[in-house]
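Here, each number is a calculation from the coordinates, and none is a lab measurement. Please read all numbers here as calculations on a predicted model, not as lab measurements. All Cβ positions, glycine included, derive from the backbone under ideal geometry; neighbour counts span all protein chains shown.
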Amino acid sequence: MLNQQPLFIIPDSTDLTQNTVQLRLYSSEEISAYRLAKDGSAINNAKWEIGSIFRITANGIYRVEAVTKSGEKIQKEFSICFLGTRPSFSGGSGSASSPFLIETASQLNAMRSNLKAHYRLVSDIDLADTDWGIGWCPIGNLTFMADDLGIAVDHNQSFSGCLDGSGHTIKNVVEIFPKIENVGFFGYLDGTVKDLTLSDIYMVGNHHIGGVAGSFHGLIMSTCVSGKINGGNLMGGIVGEIIENAAGDTPVVVDRCEFEGNISGSNSRKGFQNEIGGIAAACSASDTTISNCVVNAQLEDSGGIYGICGCTPARIINCLARGRITTRQTLKESIVYGIGSAYSWDVNCENPNWGVYGCVSAWSTIAFSSGKLEDLPYNFGPIGIPPQEVSLVSPNKNAFMYNLRVLLGDSPVFYQEKERFEKGICSLSKALLLSMGWDLYTTWDMDENGWPKLRRIKSTTM
């Protein structure tokens, strides 16, 4: 009897010019054997093979049947279409002054053939209609190698070029890698992405998961992501973790970016808290700025613009966080940030520029599984940082929290500005935002409901 549990077919690559692709079968149970039928052949006549990994070397429509360790059988149909030759781009030489021009999904996929080149979109692309038929595989990867000091990151596997979206949208980026780390449009991005929209994403991974990149060091600006992300840990709407790159002293900037959607942790359970941030989950880079960003999302367990800081300082400037945060933790166990933790574990850090500046925390609801309000382990002030860390954050008071409702189970126990919360009225005035340093002339505008919104301005920085 066939089981109804899902069967995932994961490619090791979507570079289909090689005329062979290795596929892995995943399910909620370990798979012990499989059999494969092609182009309408009866699956019952196919031979069983031990394991869960197989190779495809010919175009066609396939049906695979897998059997789990417990004996349950699962089937799924998929298609393969090898390209034969690498698609040529629609123009350009790949240099900064003459980027490769991309207008098809096949050309977008061919970016992985040159990780150092410059690319520009000249049309919208829908990845639901690709000719390889097996989903999107992240471009660039974070791998490790041995050196004289032990284990080091191999930065040569990162995407270190530039992708200029030029205002276009890539739609339906679907990645299902439940046991893989560094999941995103890019696995490891050590370059630049700008003026791009990723819409209707659906990403599942183990850890280090982000809409744009699982691991990141570089520049992301004027980029919007919408959709759903699920995984074990270290998940961000834009990037999973901000890491140090090979140079070790180059700044990281995430500016004028937005995430709208849902981020949930599959490891969510009592006694365990996922590290989740609306923009980024964590940071270990030495010089990081997140500025002029918007999160409007449903987050599970953690929250804010920035999930955790790790061991290095960061600057969070003129950002807006809104939506709902739900945690399965008790109020006493949980650490939930309104904006984020921008502190350093190093109490002797002498960087005067780090901290939270001019941010607005406007989560409508933060829901805990249970507890007492007096057990609240952090200050429900503008930033939302545990009291023991207050002495480590910048003294800047330019932050604002409002429209907040705290739930314990299903019972509301705390309201801030209750009347405005219940009526859904935004009380952010232009005067207030200007006093907090917001640029309402070139970077921000106000929507019809009184919320700040980013102006869409084409970036000029490469």
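Sort 21-30, 285-294 for me by packing, meaning the mean count of neighbouring Cβ atoms within 10 Å per residue, highest on top.
Order by mean packing, descending: 285-294, 21-30.
Read phi for every residue in region 167-182 and hand back ³J(HN,Hα) as whole Hz from Karplus 6.51 cos²θ - 1.76 cosθ + 1.60, θ = phi - 60°, with x for Gly and Pro.
With the stated coefficients, region 167-182 comes to x, 8, 10, 9, 10, 6, 7, 10, 9, 10, 10, x, 10, 10, 9, 6 Hz.
Quickly rank 223-234, 45-56, 119-130 as a protection proxy: mean count of other C-beta atoms within 10 Å, highest first.
223-234, 119-130, 45-56
Where a ≥ b ≥ c are the square roots of the eigenvalues of the C-alpha gyration tensor, would you call region 8-80 rounded, which needs a/c under 1.5, or, failing that, prolate if a/b is larger than b/c, or oblate?
oblate
Using the count of nearby Cβ atoms within 10 Å as a rough guide to exposure, how do PHE159, PHE8, PHE368 rank from fewest to most?
PHE8, PHE368, PHE159
Among 433-441, 171-179, how do they line up from the highest to the lowest mean number of other beta-carbon atoms within 10 Å?
Packing proxy ranking, top to bottom: 171-179, 433-441.
To make sure I understand, if each residue's beta carbon is the centre and we count other beta carbons within 10 Å, what order do ARG324, ARG456 fall in, fewest to most?
Exposure proxy ranking, most exposed first: ARG456, ARG324.
Rounded to whole Hz and in sequence order, give me ³J(HN,Hα) for region 276-293 from the Karplus expression 6.51 cos²θ - 1.76 cosθ + 1.60, θ = phi - 60°, writing x for Gly and Pro.
These are the phi-based 3J(HN,Hα) values: 9, x, x, 9, 9, 8, 7, 8, 10, 7, 8, 8, 10, 10, 10, 9, 6, 10 Hz.
Going by how many other Cβ atoms sit within 10 Å of their own, how do VAL239, VAL212 line up, fewest first?
Sorted ascending by nearby Cβ count, the order is VAL212, VAL239.
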